[in-house]
Every structure is written in C-alpha cells, then in structure tokens.
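Novice: The structure that follows is given in the form of structure tokens.
Readers should treat all values here as calculations from the given coordinates under stated rules, not as data from a laboratory. Values in this document were obtained by computation on a predicted structure and should not be read as measured data. Neighbour counts are summed over all protein chains in view; Cβ atoms, including those assigned to glycine, are modelled from backbone coordinates with ideal geometry.
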Amino acid sequence: MPSTETSPQRELLRSAGLRATDQRVAALRVLDTHPHADANEVYDAVLPELSKTSLQAIYGVLGALTDAGLVRRIEPAGSPARYELRIGDNHHHIVCSKCGAIGDVACAVGAAPCLTPAETSGFTLTTAEVTYWGLCPDCAAAPLT
C-alpha cells in the first residue's frame, strides 16, 4: 500500500493526476540522481527499497510517467530507451559512440524547435530531436587498443 507521506515526487505525481505509488515515487527519485537511466538501471536502483517490485512493473511506471509528461523517453540508436526528468526545454543529447555515455546539449541554434526544415509537409513543428555522436572525454583520452 502506498505511503501517505508528502514529498516533492508525490506532489508532482498528484499534480499530474497520477496516484503517488511507492514505485512511481522511487522511479522519480532515481531519475533525479541518474538522468538518462534505462529501465534496468531504474529497477536495480529501486530494488533495495522495493524488494517486491518487478522489472515489468518498472516498465509500466516509466510508461505512465512518460505518458503523463513527467519524464522524457529518449532512444539513441543501438541503446535501450533512456529516461530523464528534464522535459519541456527541447534540449538535445550527445552520445559516446564507444561507451554509450549520454550528456545533455542545449538547443542547437535559436528558439525551439531549434532547427528549421526545408519542408514540413504541412506539419506544425513543436519539437526537434537531435543526437550528436562522438567520444566522451574518458574514451577520447584512453589509449588506443
């Protein structure tokens, strides 16, 4: 049964019209300290606190948080879906092509959606998703093997 204690996560969930379950609260706490975590990382982090939870339940929680607009799901090529709390600012991501580390990058140029396509096919633009690829500082400094 969910706790009735007050926390910023519980208030956020309630303001979005979601029940403030212990699993949702724990997932939000994890994403606050581990941006760009995948479902397995969230599961591993909440398991000590919620030993009876399952990976399937965490997928459901992350889906509900994403659907409610509290969490952003990103899907870098070759990587499992990642989740973050930074929403609404149309920032982009940079991914290390060697180790998979992910960082945030401010909007490329100008105001959201940041990039202006030559043709929109009648669509009204709201967001642009850009993924930059390169080597993180650790991988770039590592000796070649």
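Novice: As a check on your grasp of the helix formula, calculate [θ] at 222 nm for the chain: sum -39500 (n - 2.57) over DSSP H runs of n ≥ 4, divide by the residue count, round to the nearest 500.
Specialist: Value at 222 nm, helices only: -9000 deg cm²/dmol.
Novice: Something else: Let me know the charge dipole size of the range 8-74 about its Cα centre in debye, to the nearest 20, where only the beta-carbon of Lys, Arg (+1) and Asp, Glu (-1) is charged. Please report the intermediate quantities before stating the final value.
Specialist: Details: 8 positive and 8 negative charges, 52 e Å.
Approximately 240 debye in magnitude.
Novice: Just the Kirkwood number for the range 8-74, please: inverse of mean 1/r across all distinct Cα pairs, in Å, one decimal.
Specialist: Details: mean 1/r = 0.0856 Å⁻¹.
Across the range 8-74, the inverse of the average 1/r is 11.7 Å.
Novice: A follow-up question, please. Taking only C-alpha pairs under 8 Å that are 6+ residues apart, what is the relative contact order of the range 8-74 in percent? Can you show the working numbers first?
Specialist: Values: 49 pairs, mean separation 20.4, N = 67.
In percent, rounded to a whole number, it is 30.
Novice: What does the charge dipole of the chain about its Cα centre add up to, to the nearest 20 debye, if the Cβ of each Lys and Arg holds +1 and the Cβ of each Asp and Glu holds -1?
Specialist: Roughly 220 debye for the chain.
Novice: Here's another thing I want to ask about it. Of all DSSP beta bridges located in the chain, what percent are antiparallel, nearest 5?
Specialist: Antiparallel bridges make up about 70 percent of those DSSP assigns within the chain.
Novice: So, in Å, what gap is there between the alpha-carbon centers of the range 69-102 and the range 16-34?
Specialist: 18 Å
Novice: Please report, in Å, the Rg and the Dmax of the chain, where both are computed over Cα atoms only.
Specialist: 17.6, 54
Novice: Grab the beta carbon distance between Ile74 and Ala140, set R0 = 22 Å, and tell me the FRET efficiency rounded to 0.05.
Specialist: On the way: r = 22 Å, r/R0 = 1.02.
E(calc), rounded to 0.05, equals 0.45.
Novice: Shifting gears a bit: What is the local net charge at Pro80, summed over the other residues whose Cβ is closer than 11 Å to its Cβ (Lys, Arg +1; Asp, Glu -1)?
Specialist: Summing Lys/Arg as +1 and Asp/Glu as -1 gives -1.
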